[in-house]
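The structure appears right after this line, and notes come after that.
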Amino acid sequence: INATRQKVGKEPVDITVIPLDDKPSFNLLKRCETTAVFQLESRGMKDLIRRLQPDTFEDIIALVALFRPGPLQSGMVDDFILRKKGEQKIEYLHPWLTEVLKPTYGVIVYQEQVMQIAQILAGYTLGGADLLRRAMGKKKPEEMAKQREIFLEGAKSKQVDPTQAGYIFDLMEKFAGYGFNKSHSAAYALVAYQTAWLKAHYPAHFMAAVLSADMDNTDKIVGLIGECQRMGLNVIPPDVNHCAYKFQALDEHTVVYGLGAIKGVGEGVIQKIVEERQAGAPFVDMNDFCHRVGSQALNKRVLEAMVLAGALDALGPNRASLFAHIPDAMKAASQIQAAEAAGMGDLFGGFDAPETAIRVPIPALEPWPDAEQLRKEKDTLGLYLTGHPIHAFRDELKSLVSDALSGLLDKLDIPAPGTFPKGVPVTVAGLAIAERIVRQQNGDRQLFLTLDDGEGRCEVRITGDEIDRISAQLERDQLVIVEGDAVFDNFSGGIRVRCKRLL
């Protein structure tokens, strides 16, 4: 949030005064575009959001409270959703409880509601109601028998029907085991809403802040860069002449890569790079870079990582030449620094002379093949950023593939929750970037492949006897072609292809 406050040409955002009924924010939630949104980004939560379609802040509070095993397995969630949609009659147990249960459509969701019911129907004090809440949470039979007697006696004194009072107490006892503290849920919901609001209104700044928070987790960086691409944001590759340690937003639609996300490059050397660049001018070439940053900050491993990641592309003709130039550039920089430390620059009328005398020209090598350069880039960044290996096969794939992965969504109908999605026949291609095997309750297995074609992703489901053979032969980042039926997956919010044939 703090990183998003620094707006280019705009007043800083005061996150504490944003409206809690912002339509773009709720539209983002309803579309389940909640990756990086606090508390709301898991696959299961996205499914609950899709079913619930929250349109008030109270709904977000309920989402946080309901997304736990107890409520999900007890039927509370289904009742809540059906009543919100008007598909189930809302009942308030007793007319006196209407205001207490109205925000949750008559369903007891929060511990505070249990306490309020006890106060309203049975005359409990606030302290006594809290004791009841604790007793219900611990589920001790002897304590519950005592509390039941107190509740029924209190309800009788307020002329509540004994049978109805007993029924309400039983419901309270049932739901108290699942109930969540609303004050906690509201605090979580507020941060969830604030992050959704920032993502809806300042997407580049928000994603830059989120990426910066997870720079040490390559797997998360990969997923978040994919989210940037899905959002239509332009991600500028790392560059020592423009980038800082953290990710930054250049404008409303552009995120600048953070040098700190390059594997093997520490914060200290990046700070030195930024300080030197800001104190002088942009780096001209590898010699200039090594000399100004200094051998104390740089070493061979760091320079190799930066070359492979593309962070030094502006300092030479290609990455192959830069990589080969590293030893000579480092040696020259060390010699210059040694001469400067010994005061030799005075003998030549300044330090420019010794630098010029030992300047080593960069070798003119042929560029690495695209596939090799991209592989090295992925090894260093964790993802393909400046291209994609599948592009080399684009012409051949045109006659074999019916659809690009990025265009599949436009062909599919989004089914209503709980309905079986209708498949559309497709032939698609991509790199198999991940795989997982899921064992079902009946013992059957399913293999799920994640395909990536550089512009979109989808999940491929494979069943049957071919799983072991395919899993054994398939290599990471291998190009595969899949024939099958594409469907919209309500659970993940993405595209899934039910595989008929794998090529």
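The values are calculated or read from the model by the stated rules, or taken from the named source; none is laboratory data. What you see is a predicted model, and the numbers here were worked out from it, not measured in a lab. For neighbour counting, all protein chains shown are included, and Cβ atoms are generated from backbone atoms with ideal geometry for every residue, glycine included. Surface accessibility is based on the protein's heavy atoms, side chains included, excluding ligands, DNA and RNA. Shrake-Rupley method; radii C 1.70, N 1.55, O 1.52, S 1.80 Å.
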Inter-probe distance in nm under a simple model that places probes 7 Å from Cα toward Cβ, at residue 445 and residue 485 | 2.5 nm
Reach of residue 156 by Cα under 20 Å, taken over lysines that are not fewer than 8 positions away in the same chain = 146
Might you work out the accessible area of residue 362 for me, using a 1.4 Å probe with all protein chains in place, and round it to the nearest 10 Å²?
-> 60 Å²
Round to the nearest 0.05 the FRET efficiency obtained for residue 299 and residue 455 when R0 = 41 Å and r is the Cβ-Cβ distance.
-> 0.65
Just for the Cα atoms in the chain, what are the lengths along the principal axes, largest first, rounded to whole Å?
-> 104, 58, 42
Grab the alpha carbons of the stretch 262-311, take their convex hull, and tell me the volume per residue in Å³.
-> 74 Å³
Tell me, what ³J(HN,Hα) does each residue in the stretch 469-485 have, in order and in whole Hz, if you take phi through Karplus 6.51 cos²θ - 1.76 cosθ + 1.60 with θ = phi - 60° and put x for Gly and Pro?
-> 5, 5, 5, 6, 8, 6, 9, 4, 6, 7, 7, 10, 10, 10, 9, x, 10
What number comes out for the charge environment of residue 121, summing +1 per Lys or Arg and -1 per Asp or Glu over other residues with Cβ under 11 Å away?
-> +1
Could you calculate the contour length gain from residue 267 to residue 89, that is, 0.36 nm times the residue separation minus the distance between their Cα atoms, to one decimal place in nm?
-> 58.2 nm
Structure-based [θ]222 nm, the chain - -39500 (n - 2.57) summed over DSSP H runs of at least 4, per residue, nearest 500 | -14000 deg cm²/dmol
Assign one of three labels to the stretch 26-119, namely rounded, prolate or oblate, based on the Cα gyration tensor with a ≥ b ≥ c the square roots of its eigenvalues; rounded applies when a/c is under 1.5, prolate when it is not and a/b is larger than b/c, and oblate otherwise.
-> prolate
Pop a pseudo-label 7 angstrom from the Cα along the beta-carbon direction at both residue 131 and residue 398 and give the gap in nm to one decimal.
-> 8.1 nm
Cα→Cβ-extended label distance, 7 Å offset, between residue 437 and residue 68, nm = 3.6 nm
Arrange the residues 84, 422 by how much accessible surface each exposes, largest first, with a 1.4 angstrom probe.
-> 422, 84
Using mean Cβ contacts within 10 Å as the protection proxy, how do 195-207, 433-445, 308-320 order, highest first?
-> 195-207, 308-320, 433-445
Extension gain (nm, one decimal) between residue 409 and residue 11, 0.36 nm per residue minus Cα-Cα = 139.5 nm
Pairs 102/138; 30/182; 89/138; 182/246; 182/411; 85/158: which exceed 30 Å Cα-Cα?
-> 89/138; 182/246; 182/411; 85/158
How much net charge surrounds residue 471 when only the other residues with a Cβ under 13 Å from the Cβ of residue 471 are counted, with Lys and Arg +1 and Asp and Glu -1?
-> -1
FRET efficiency for residue 342 and residue 184, Cβ-Cβ distance as r, R0 = 60 Å, nearest 0.05?
-> 0.40
Per the rule of 0.36 nm per residue minus the C-alpha distance, extending residue 278 to residue 159 adds in nm 35.0 nm
Along the charge dipole of the chain, which of 160, 123, 442 sits closest to the positive end, that is, farthest toward it, with unit charges on the beta carbon of Lys, Arg, Asp and Glu (+1, +1, -1, -1)?
-> 160
Size of the dipole of the chain about the Cα centre, Lys and Arg at +1 and Asp and Glu at -1 on the beta carbon, nothing else charged, in debye to 20?
-> 1620 debye
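Would you mind putting 460-467, 242-249 in packing order, based on average other-beta-carbon counts within 10 Å, highest first?
On the way: 460-467: 15.0, 242-249: 22.0.
Output ranking for 460-467, 242-249: 242-249, 460-467.
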